[in-house]
Amino acid sequence: MKTLFVVAFTATWLVDPVHHFKLSREYEVFSDHESVFLRNEKQEVEYRIKYTWDSIPVMHLPVTIKFKPGDQGLVMELDSLFFDDPPAPPGEPGKPFDGLWDYEVVESFFLNSATRNYLEVELCPHGQHLVLRLSGGDCLEKELPLPYKVDINWGTWNGTAIIPWSYFPPGVDKMNSYAIHGSGIGRIYEALYPIPPKEIEEGQGPNFHRLEYFRDFSLNSIMGNDWTQPPSDLWS
Ligand SMILES: *[C@@H]1O[C@H](CO)[C@@H](O)[C@H](O)[C@H]1NC(C)=O
């Protein structure tokens, strides 16, 4: 049964490579994870998290993340089902909370694949957040402040954060995003760009710092071609 499932899924993976087809001038689809909405020369990009970290299709409405142009930084908007599991972290809403990855959380990572410097942004439905600067696998700085607002209603939640430009390492060219909820053996780790089934080794668990699975991402595709990333004191 297990073998059959793996074979079936591998076949789906093969016939569904990353493709790029144009539906109209206003709306483009780059892959089954991603759609891009053009707004003049600036645009917003929307991603849907449709797999678990190990490429099993997610059986609920996917988490969506939109990136939009902002003056002070990149606007990140997310919509998700609210699982309310685990319960809220014991920290003040609106403040950083270390260890947020152990709670219900949606995360985006922005990477310079040459320097391996990256920014990790974690957002919680209960209002806490966690922003880290990392290099390779090492944490350089954590708990950076973040303008972040969140609403919970009727089994769903949505949040908006403005990620200051200075937080991004220079030359961001890759991204991955994740969502986690549930407790104990029911804990579910979801990834925008999961690890392909045939590359999963026995006994392997979720690890969101596998930078080789990140995929192309361009701030200019959101901000416009004339835009240049402001220099950052944090990364110099
Ligand atoms: C959540 O979504 C609603 C409806 O689109 C919107 O009015 C509200 O501003 C959003 N809240 C946040 C914090 O983004």
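Derivation of every value follows stated rules applied to the coordinates shown; laboratory data play no part. Given the structure is predicted, the values throughout are model-derived calculations rather than measurements. Note: ideal-geometry Cβ built from the backbone for every residue, glycine included; neighbour counts use all protein chains shown.
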Rg and Dmax of the range 20-223 over Cα atoms: what are they, in angstrom? 16.2, 48
Descending packing, highest mean Cβ count within 10 Å first, for 113-121, 224-232 is 113-121, 224-232
Need the full-extension length gain, Asp102 to Gln72, defined as separation in residues times 0.36 nm minus the C-alpha distance. One decimal, nm. 7.9 nm
Hits in the range 157-195: amide N under 13 Å from the 7 Å Cα→Cβ extension of Asn220, namely 171-173
Which one, Thr52, Leu192, Pro86, projects farthest toward the positive side of the charge dipole computed for the range 20-223 from Cβ point charges (K/R +1, D/E -1)? Leu192
What is the distance, in nm, between label points placed 7 Å from the Cα along the Cα-to-Cβ direction at Thr64 and at Glu141? 3.4
